[in-house]
Amino acid sequence: MVDPSHPLAVLASRLTWERIEAALAPKFARRDRPTQDERADDLFGEREVERGGGVSNAGRPRLPIRLMASLLYLKHSFDLSDEELVVRWSENIVWQFFSGREYYEARPPCDASQVVRFRRAIGEDGLEQLLKATIECAVEIKAVKPAELERVIVDSTVQEKAIAHPVDSRLLEIARHKVVSAARRAGITLKQTYAREGKELRRKAGGYGHAKQFKRLSRVVKRQRTILGVVMRAVQRKLDAMMASNSDDDGPGSGPGAPAASTVAALQMWLERAGRIHAQKRNDKNKLYALHAPEVECISKGKARNPYEFGVKVSLAVTHARGLMVGARSFPGNPYDGHVLSAQLEQTTNLLQDIGRRPKQVVVDLGYRGVDADNPGVEIIHRGRYKSLSKQQKRWLKRRQSIEPLIGHTKADNRMERCWLKGAVGDALHALSCAAGYNIRWLLRAIARLGTGVASLGLPLAVILRWLGTSRSSAGRGNLFVTVVGLAADRRSIRVLTQI
């Protein structure tokens, strides 16, 4: 049922699944249960016994690590959501072969939410192992030479968060709605929630902004800010009164009818974020751009069509000659590009340590100037020192722009354009997952380009040509020629054989 020459089927046998499973298995090891001391009576009297010790067997058996790791690979290789991923897996035979299944299964491999839990469980270290496996596979199939890993191109981009464009009127209305909803869950009844007026003001703000009537728009936003302040103060007064009434019962959640401590904590969290929305001005620093994602930053990239992007800065490292991705890391706080180069090279060095290579030359843009002292032993090449570069370094510098289309493909084809994962940890996991998915597509193209013909014979092309030349009969040479041409998949081999 499976074509053995399919690139994904070839890749299934080339990836080091044993190493991946060995690296990720400790993340899912059963935890030890603490022993409990108890007293037992028998014919000889009371004595102390220990119960409940050993490894816990709670929970159902886990799914195979190879299956879940392959799902992460396929998700970001083919730009699919978790729901689409499990449905297409049940329909695709080659995908199931890539996941290590021996028989075709017409049912989904797991629930879509289990992919989320697996990714959260392995963490950033586990995803680095998945990225590392793709790099080692590229070296094993000779799609990239180990020496090429010593010269890389590093650049940064913005991984945007899945938020709406931050507008004052929308943020103020959402903050009011969140505070009112959290207060209702905590058992706080408000005399006035301004739900109808808030909805009307939000509609007016959209119309005034579209018509460029900014004076009217500013009056509407001012009224929305006033309403939010009134609601916040009313909720805070009633929350303080409720906490004071429950102080005799050791805090919230202990008195009769008192809300749970988690509910009160959620209300306080929404009040704090709404306070930031209420107080921030146009030119303030560290503004809040989304209530559900406070880690989002406004990053200016200088693009005419999209001057500001809201997300996190991500640094990418690719090989200079072939464009294989050897590093991906997120950097919260919008740091200067040059200050993150050492951390990016550290990650790349860790990923290449089993291959025995490390970056020695780094080709960058002008945003990485002045950081030579922070990166000893690494030759940093950029056009700011063009006159002092050698001819070879100038040739290397001409390929600096080759990383730009790779960033575009990573965003368009591997889901880096929009991050749906929660928090700063989600940003880091998403960047690594997208890099691993990019490398899987790179490997599939490399396998299709190199082919499985002459390489599958395990013989160099010169040996095959010598056999063709020493064959005694023309019929034998013709049969051998047809056989080799039929097996050879790369055009260069076919062209050479045809000339001979």
Is it the case, given these coordinates, that LYS238 is basic (Lys, Arg), out of contact with any Leu (no Cβ under 7 Å at 6 or more places or on another chain), in contact (Cβ under 8 Å) with a residue 24 or more places away in the chain and assigned to a loop (DSSP other than H, G, I, E, B)?
no
Pairs returned, first residue in segment 121-141 that is within 13 Å of ALA22 (Cβ to Cβ), second residue that is open to solvent by 20 Å² or more (accessible area, probe 1.4 Å) and not in a helix (DSSP H, G or I), beta-carbon separation under 7 angstrom, 6 or more apart or interchain, are ALA133/THR16
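For (1) charged (D, E, K, R); (2) modelled with pLDDT of 95 or more; (3) touching a strand residue (DSSP E or B) at 6+ places or on another chain (Cβ under 7 Å), each residue gets a yes or a no:
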| site | (1), (2), (3) |
| --- | --- |
| GLU102 | yes, no, no |
| ALA106 | no, no, no |
| GLN129 | no, yes, no |
| VAL154 | no, yes, yes |
| LEU171 | no, yes, no |
| ILE174 | no, yes, no |
| VAL179 | no, yes, no |
Listed by range, helices (runs of 4 or more DSSP H) wholly within segment 59-159 having at least 2 residues that are of a type in the set (Asp, Glu) and either within 24 Å of the chain's Cα centre (by Cα) or within 26 Å of GLY408 (Cβ to Cβ) (or both) are 82-91, 112-140
Checked SER181, SER218 against criteria (hydroxyl-bearing (Ser, Thr, Tyr) and either closer than 30 Å to LEU11 by Cα or over 34 Å from the mean Cα position of the chain (by Cα) (or both)); the one match is SER218
Within segment 165-196, residues closer than 27 Å to SER218 by Cβ, open to solvent by 60 Å² or more (accessible area, probe 1.4 Å) and assigned to a helix (DSSP H, G or I) come out as ASP168, ARG170, HIS177, LYS178, ARG196
Per the filter on segment 144-164, residues farther than 21 Å from GLU379 by Cβ and buried (at least 18 other Cβ atoms within 10 Å of the Cβ) are THR157, VAL158, GLN159, GLU160, LYS161
For segment 58-92, the count of residues that are open to solvent by 70 Å² or more (accessible area, probe 1.4 Å) and closer than 20 Å to ARG19 by Cα equals 1
For ARG282, are the conditions met, namely being part of a strand (DSSP E or B) and open to solvent by 50 Å² or more (accessible area, probe 1.4 Å)? no
Reported set for segment 122-143 where residues are open to solvent by less than 10 Å² (accessible area, probe 1.4 Å) and hydrophobic (A, V, I, L, M, F, W, C) is ILE122, LEU127, LEU130, LEU131, ALA133, ILE135, CYS137, ALA138, ALA143
Note on TRP396: of the conditions (1) in contact with a His (Cβ under 8 Å, 6 or more places away or on another chain); (2) in a loop (DSSP other than H, G, I, E, B), unmet is (2)
Residues in segment 341-354 that are open to solvent by 40 Å² or more (accessible area, probe 1.4 Å) and farther than 21 Å from LEU397 by Cα total 5
Here the qualifying pairs (Cβ atoms under 6 Å; residues six or more apart or on different chains; first in segment 295-314 and under 15 Å from TYR336 (Cα atoms) and modelled with pLDDT of 90 or more; second aromatic (Phe, Trp, Tyr) and open to solvent by less than 50 Å² (accessible area, probe 1.4 Å)) come out as CYS298/PHE310; LYS313/PHE331
Using the structure shown, decide if TRP95 is open to solvent by less than 40 Å² (accessible area, probe 1.4 Å), without any contact (Cβ under 8 Å) to a residue 40 or more places away in the chain and more than 25 Å from ARG329 (Cα to Cα). no
Scanning segment 356-403 for residues that are among the aliphatic types (A, V, I, L, M) and open to solvent by 40 Å² or more (accessible area, probe 1.4 Å), the one farthest from SER315 (Cα to Cα) turns out to be ALA373
Among strands (runs of 3 or more DSSP E) completely within segment 294-337, the ones holding 2 or more residues that are crowded, with 18+ Cβ neighbours inside 10 Å and either basic (Lys, Arg) or in contact with a helix residue (DSSP H, G or I) (Cβ under 8 Å, 6 or more places away or on another chain) (or both) are 308-319, 325-331
Quiz item: Going by the conditions given, is GLY255 modelled with pLDDT under 95, surrounded by 12 or more Cβ atoms within 10 Å (Cβ to Cβ) and not in a helix (DSSP H, G or I)?
Solution: yes
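The values are calculated or read from the model by the stated rules, or taken from the named source; none is laboratory data. Note that the coordinates shown come from a computational prediction; the quantities given were computed from them, not determined experimentally. Cβ: placed from backbone, ideal geometry, glycine included. Neighbour counts: every protein chain shown. Side chains included, ligands, DNA and RNA excluded: accessible areas come from the protein's heavy atoms. Shrake-Rupley method; radii C 1.70, N 1.55, O 1.52, S 1.80 Å.
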